[in-house]
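Notes follow the structure.
Any read-out appearing in this document is the output of simple, stated calculations on the displayed coordinates, not a laboratory observation. Bear in mind the structure is a predicted one, so any value in this text is a computation, not a measurement. So basically every Cβ, Gly included, is an ideal-geometry build from the backbone, and we count neighbours across all protein chains shown.
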Amino acid sequence: MGSRIKNIIKYITIKTSKVTGVTNLFYKLNKDRKIILAYHNVIPDKYFNDYIHLDYSIRESQFRKHLDVIKRRFNVGVDLYNTKEITITFDDGYKNQYSIASKILDEYNMNGYFFYVADLLEEKDILSIDKIQYWLDHVCPGKYENKKYNLVLDIEDTTSRRNQWIKIQTLIDNKVSFDEICDILNDMYRFEDININKKFYDLRFTPIKKYELNDMKENGHKIGAHSSSHNILSNMKKDDLNKDIDKCKDLLNKGIYNTKTFCYPFGGVEDVSEEVMNTVKEKGFSNAMSFMNTKLNNREYGQFFMPRMTLPNTYDEDYIDFILSGTYYFLRNRRLLPKNE
């Protein structure tokens, strides 16, 4: 089925759900279910483009639209077990979350969770996964090759860049490390020779500084752990996993983090093993966030695998309500939103 037909069916479904009262019905049916929202980067509209590294980001104007809809339906707070409140979270720890997202929340008199990768505080300027996508989005057009992995990247336009991202994902699926992929790409074309708008780069890829984290905490926001390396934790050896979470525990003990809530990088079932959950618990964290709010097989949501949902990048209030109410989740999974217990 073509994308145009799918979009038409989706539009009709959303509008019909509103007109018939189905959306409001699911708001009522899910009223005792805790909703936690997951965001990443909030980017000024003028910089937003069809970049791979912005796939999980949102335009500033759309983020404001989300908040307008949210505040009509919910109170917003940081109590993860209060079903009368919705909780807003952000992952990673880049500058835009401080200078744009947190400031907008302050304006709306809302507080949120900002899960911050420990290595960004001192050791890393950019996460390896973002560095990979940055290279693919902004490297000069050309044909690039790596013999070790029989990898050929043919960069021409936006479509071709996305096709090459599929090839990189295959390496990731085969457990080639993010750092090694960065080395491969750097050998093909050096990162330092790539040029993009400096203001955009600073917002998207510069980490939040310590004094900015303190400012956010003073304004009532929660700063939590998002691992140290932002690697896929389930792929890590036990010793490396312990070192990763220990570094987060150290920042918690030093007061850099002001919440014992942990957030897993990526956060899918395949990214978070039982060993990972047990390690996070053993290190003294009180609960932990997953990422995708989907029906699970062979696992239940719980204290150390708490569900979060995402909202679409849209200005359509009916579409936002369609997701927030749990209507879409029910149509897809044939069940109400999971309880956060």
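Ordering 277, 289 from the fewest to the most neighbouring beta carbons within 10 Å gives 277, 289. Taken over the alpha carbons of the stretch 57-167 as equal point scatterers, the Debye sum produces base-10 log I(q)/I(0) values at 0.09, 0.10, 0.15, 0.18 Å⁻¹ of -0.40, -0.48, -0.83, -0.97.
Quick check: Cα centre of the stretch 194-249 to Cα centre of the stretch 49-87, how many Å? What the calculation gives is 20 Å, centre to centre.
Helix-only arithmetic for the chain: the sum of -39500 (n - 2.57) across DSSP H runs with n ≥ 4, divided by the residue total, places the mean residue ellipticity at 222 nm at -12000 deg cm²/dmol. Remark on residue 76: its backbone amide H falls under 5 Å from those of 86, a criterion applied only to residues 5 or more positions apart or on other chains, H modelled at 1.01 Å from N. 3J(HN,Hα) along the stretch 254-270, derived from phi through the Karplus expression 6.51 cos²θ - 1.76 cosθ + 1.60 where θ = phi - 60°, amounts to 7, x, 5, 8, 10, 8, 8, 7, 9, 10, 6, x, 6, x, x, 4, 6 Hz, with x in place of Gly and Pro. In order along the stretch 170-177, the phi-based Karplus estimate (6.51 cos²θ - 1.76 cosθ + 1.60, θ = phi - 60°) of 3J(HN,Hα) comes to 5, 4, 4, 4, 8, 6, 6, 5 Hz; Gly and Pro are listed as x. Normalised by the number of residues in the chain, the average gap of Cα pairs under 8 Å and 6 or more apart makes the relative contact order 21 percent. Once the convex hull of all Cα atoms in the stretch 197-341 is built, its volume per residue stands at 157 Å³. So for the stretch 1-45, considering every pair of alpha-carbon atoms, how many percent are separated by more than 17 Å? Across the stretch 1-45, Cα pairs with separations above 17 Å total 61 percent. Each Cα pair under 8 Å and six or more residues apart adds its sequence gap; the mean of these over the residue count of the stretch 140-193 is a relative contact order of 26 percent.
Measuring max minus min along each principal axis, the C-alpha atoms of the stretch 140-193 give extents of 27, 23, 18 Å (largest first). By the rule of a C-alpha distance below 21 Å, with chain neighbours fewer than 8 residues away ignored, the lysines paired with residue 18 are 6, 10, 28, 31, 65, 71. Within the same chain, lysines fewer than 8 places from residue 148 are excluded, and of the rest, those with a Cα less than 23 Å from its Cα are 131, 167, 175. Put in order of Cβ neighbour count within 10 Å, fewest first, the listed residues 105, 296 become 296, 105. Value of Rg to Rh for the chain, rounded to two decimals, is 0.96; Kirkwood radius and Rg both from alpha-carbon coordinates.
Using Cβ point charges alone (K and R +1, D and E -1), the dipole size of the chain about the Cα centre works out to roughly 1420 debye. For the stretch 138-153, backbone phi angles converted through the Karplus equation (6.51, -1.76, 1.60; θ = phi - 60°) give residue-by-residue couplings of 10, 5, 4, x, x, 10, 10, 9, 9, 6, 4, 9, 6, 9, 10, 10 Hz, Gly and Pro being listed as x.
Taking the fewest neighbouring Cβ atoms within 10 Å as the starting point, the ordered list for 152, 280 is 152, 280.
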